[in-house]
Amino acid sequence: MTEAILRQIIDYAHRANPYPLYAELRKTPVYHDADGPFVISRYYDIQSLLHDPRISSDARNLRAPAGGGPLAAEADEETALPPSFLRLDPPEHDRLRRMTNRPFGPPHTPRRVHEMHGELKDIVSGLIDGIDSPDRIDLVDQFSYPFPVTVICRLLGVPREDEARFHSWADIIAASLDPDPGADADERAKVSHNARTELGMYLAGLIEERRKKPGDDMLSQLSTAGGPDGVMTTMEVLSTAALLLIAGHETTVNLITNGMLTLLRNPDVLERLRKDPNLAVPIVEELLRFEPPVQLVPQRTTVADIEVRGVTIPKGASLWLVLAAGNRDPDRFEDPDRFNPDRGDIQHLGFGSGIHSCFGAPLARLEAQLALSELARRLENPRLLEDPPPYRQNAVLRGPRHLPIACDGIRP
Amino acid sequence: MSADGSLDRLKREGRIVVVGASLAGLRAAETLREEGFAGSLTMIGDEPYEPYDRPPLSKQVLLGRATADRTGLPRHRAIDAQWRLGVPATGLDMAARRVRLADGDEVEYDRLLIATGVRARPWPQEDEAELDGVFVLRTRDDADALERSLAQGPRRVLVIGAGFTGSEIASACRERGIAVTVAERADAPLVGALGGVVGEVAAELHRKHGVDLRCGVMVTRLEGDSAGHVRAAHFSDGNTIQADVVVVSLGAQRNTEWLAGSGLGAGPRGIACDAGCRAFDIRGIVTDDIYVAGDVARSPHPLFGYQFLSLEHWGNAVAQAETAAHNMLSDSADRRPHIWVPAFWSSQFGVNIKSVGVPSMGTEILIAQGSRSEHRFTGVYGYQGRVIGAVTFDQTKWLQFYQQLIETTAPFPPAFPTVDRRPEGQQPMPADFPDPSVPTHGPTVTLSGYAPDDRRLTFTPARH
Ligand SMILES: Cc1cc2nc3c(=O)[nH]c(=O)nc-3n(C[C@H](O)[C@H](O)[C@H](O)COP(=O)(O)OP(=O)(O)OC[C@H]3O[C@@H](n4cnc5c(N)ncnc54)[C@H](O)[C@@H]3O)c2cc1C
């Protein structure tokens, strides 16, 4: 019975609504089967493991590349780049994350995200203005996909004229994160490898330019700014930029799309948001709990034997932390399966927690808040054309592949 | 108690008085209303201001980034209280259930919450303390005055005492480019709270940021010029330094004098109360209608051998206030203990310092993660084979894990490896706290007599 749960979670048939499976999983808080991973699904357990220094994010600590089931195919950077800080432990993690943070957030750059407000709004307006036939809109292709890529371009300092090339590399790489057993694996691997190489070469060129003539974009600052931690090597800048691109974009697409889907399923909330854009703040927090773009964290391992709820997880074991299951744990949240932006107490796991908690969270929040409030304000009488919409294959970074909607017109 | 309906009556039309209108007082008042108290609520505070927040006073305010009048505490809900601000309470009549005020008024209560906190310990030589340019830092007015004098660009500031507040003041001065000397009697800053091993790191931080740090010395005398402005300080090692601003940062004294003679067990170490925040009288008998919360309270903690802890921690004031307020309106079966795990934060010299548990009980320390030389580490304190406290320098995100070890009385030293454990963290070392047997305030209660009939408790009033 339990054996089936993981397979079912991975099984595409359950993609549109995995939550009943998560509820089943929570009945075995430390779920382990044969040579599979140890799966943790309760809120408090996940929360404490995310702060546990006996848990490593560094794949080199895995005893054996524990058969993570079909999900192990979760294609990652099979490039020659060194691991990004997402896949490292302290002290390397801390050093790289700190250096990346210097040009991005407090204390050195406290206003960077805030100051992008106007620019983000322009991008959002531009995309909505570009919708020509309101009777059939694919929200993913026409809005939630291009938005974060454009934002990342601006943040990194990719020249406007190159944004289109950048978009197409990003699309290919993102598509390769979406394990699709149906497609020709070799062909896909080749295409994505080429895209990565081209993107890498492009970025390396940009970095060279910025070293000579720095601007106030993040690439310039990552490749030139000296601080107490020194300067990043070109390879480090490259893997950091790749991380920002992939992580910052694949997730935000889903946050916005899941958001609009949820709002369309809860028209009263959508209507409230239309009248009061400030409601976007609690709505986005509740979304991060209710439909988190990152459903689970599969790349953790133990550096010691540890005990969770009486079960000993041996050193070197592979660990899955199912954030989305924890977010709906009835021991933590009242009426967890209800989308309720008015709940006050909402310490969700949507951005993880601890030292690897989402680096881009402030930007993702702002992007989603602006996107949803503007969509609510400008789309006249929006409705879903398909429910559930078609989902991506990926069970980890879960979200609709398309979101066909219609509306009566676009408000100015 | 509610069997006879008195609790319902209290909730409906009772009178609750809160003395001390600051963090603990305000949060208690909010909780009282939250839990359905509809009677009359009186907030008595000797400061003329509505409740404000103190941590920013030694940080943002001294840096000139916020003004002292902008530190008002956020309100979680309306409390609909009668405010008696700018009027100290001067006495308590426990039998008549009345609080006396300095303006001669008296206020009757059915339940009383005492949250009078602490005040800065002044410079002991009164004439020297009165010199222009000599400051303490506890209140909004203190911060305002000190900030104004820093803004005038003093040539040198002397900070006496390198505890958390003194260190934060020194840090703010350096950030503003002001020359600063810090004098500390112990061998390093923060030694009382965190021990010598961590104190050494704190000393490095001071020096790295250009503080003229003098440890193992005492300031013996402050010297003024003819206009009555401080100009120099003399040290026990025979040295003299010139300084035109002196900040006395020698810790705090509990505001309990107003309770002298009331029969409440209040003294220089604070007001003892049970884990449910009910105050003891001088006989050690718990009262039913007087509660205590915040910096002025001393309460037993089951996790720390039922030791009576007095904590000058922001988070403690909030948690204890909420518990006190809840218990004031509850039957004995519904009362909750205040078993908050102590936690404290500070920020100085660009480093975020946090601690949990009671590090000062620790005899040993292990650097569980990171490295002292990088000023980024997690130290775990051990006491009799268990984990009793932890501190992080710029590693806050790990602290929760160590708090769990403290809560579960995990063995010390922790037997497992962690990510980022360096060679220096393989073995515990003595935590190096000053000798705890050094006398502090002396006894506040003495016992006399032999036969049971003869046995008497004598209360020695506070000599602050
Ligand atoms: C400069 C500074 C920085 C700090 N930084 C930190 C920090 O970084 N982290 C941290 O955890 N904690 C910090 N603290 C400690 C924290 O501010 C206190 O723990 C908290 O204020 C305690 O709240 P309280 O309500 O118990 O007492 P208080 O805030 O002291 O309030 C007591 C109030 O009662 C009034 N009062 C006294 N006697 C009477 C009387 N007889 N009648 C009427 N009113 C009376 C007092 O004037 C005062 O207004 C800092 C404190 C200071 C001063």
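The table that follows gives values for the structure above.
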read-out	value
Filtered residues of the range B:275-312 (kept if under 19 Å from B:ASP110 (Cα atoms) and touching a residue at least 24 places away in the same chain (Cβ under 8 Å))	B:GLY276, B:CYS277, B:ARG278, B:ALA279, B:ASP281, B:THR287, B:ASP289, B:ILE290, B:TYR291, B:VAL292, B:ALA293
Residue among B:PHE393, B:PHE344 that alone is more than 12 Å from every other protein chain (Cβ to nearest Cβ) and more than 24 Å from A:ILE55 (Cα to Cα)	B:PHE344
Filter pass, B:PRO337 being out of contact with any Gly (no Cβ under 9 Å at 6 or more places or on another chain), away from the ligand (no atom under 13 Å from the Cβ) and more than 13 Å from B:LEU112 (Cβ to Cβ)	no
Elements of type strands (runs of 3 or more DSSP E) contained in the range A:299-353, each with 3 or more residues being more than 14 Å from chain B (Cβ to nearest Cβ)	A:318-321
Residue in the range B:8-17 that is of a type outside the set (S, T, N, Q), more than 16 Å from the ligand (Cβ to nearest atom), part of a loop (DSSP other than H, G, I, E, B) and open to solvent by 20 Å² or more (accessible area, probe 1.4 Å) present	no
Test: residue in the range B:24-34 that is outside any helix (DSSP H, G or I) and either open to solvent by less than 10 Å² (accessible area, probe 1.4 Å) or of a type in the set (Lys, Arg) (or both)	no
So A:SER220, is it modelled with pLDDT under 90 and in a helix (DSSP H, G or I)	no
Any hit, the range A:101-113, residues being open to solvent by less than 50 Å² (accessible area, probe 1.4 Å) and within 14 Å of another protein chain (Cβ to nearest Cβ)	yes
Pairs, first within 13 Å of chain A (Cβ to nearest Cβ) in the range B:357-372, second hydroxyl-bearing (Ser, Thr, Tyr), C-beta under 8 Å, six or more apart	B:ILE367/B:THR378; B:ALA368/B:THR378; B:ALA368/B:TYR402; B:ALA368/B:THR418; B:GLN369/B:THR378; B:GLN369/B:THR418; B:GLY370/B:THR378
Residue pairs meeting the criteria (Cβ under 6 Å; at least 6 apart or on separate chains; first open to solvent by less than 30 Å² (accessible area, probe 1.4 Å), in the range B:226-255; second among the hydroxyl-bearing types (Ser, Thr, Tyr))	B:ALA232/B:THR240; B:ILE241/B:THR181; B:VAL245/B:SER149; B:SER249/B:THR165
Options A:GLY118, A:GLY157, A:GLY205: the member that is of a type in the set (Gly, Ala, Ser) and touching a residue at least 60 places away in the same chain (Cβ under 8 Å)	A:GLY157
One residue from B:ALA89, B:ALA21, B:ALA120, B:ALA102 being in contact with a Lys or Arg (Cβ under 6 Å, 6 or more places away or on another chain), closer than 26 Å to B:ASP281 by Cα and near the ligand (Cβ under 9 Å from one of its atoms)	B:ALA120
Selection status of B:ASP432, among the charged types (D, E, K, R) and within 14 Å of chain A (Cβ to nearest Cβ)	no
Counted residues, the range B:277-292 - those being within 16 Å of the ligand (Cβ to nearest atom) and at pLDDT below 95	0
Test result for B:ASP274, under 22 Å from B:ARG9 (Cα atoms), among the acidic types (Asp, Glu), more than 13 Å from the ligand (Cβ to nearest atom) and out of contact with any His (no Cβ under 6 Å at 6 or more places or on another chain)	no
Output for the range B:400-423, where each listed residue is more than 8 Å from chain A (Cβ to nearest Cβ) and among the aliphatic types (A, V, I, L, M)	B:LEU405, B:ILE406, B:ALA410, B:ALA415
Total residues in the range A:46-57, condition open to solvent by less than 20 Å² (accessible area, probe 1.4 Å) and more than 7 Å from chain B (Cβ to nearest Cβ)	5
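The values are calculated or read from the model by the stated rules, or taken from the named source; none is laboratory data. Fair warning: this is a prediction, and the values are worked out from it, not measured in the lab. Cβ: placed from backbone, ideal geometry, glycine included. Neighbour counts: every protein chain shown. Surface areas here come from the heavy atoms of the whole protein model, side chains and all, with no ligands, DNA or RNA. Shrake-Rupley method; radii C 1.70, N 1.55, O 1.52, S 1.80 Å.
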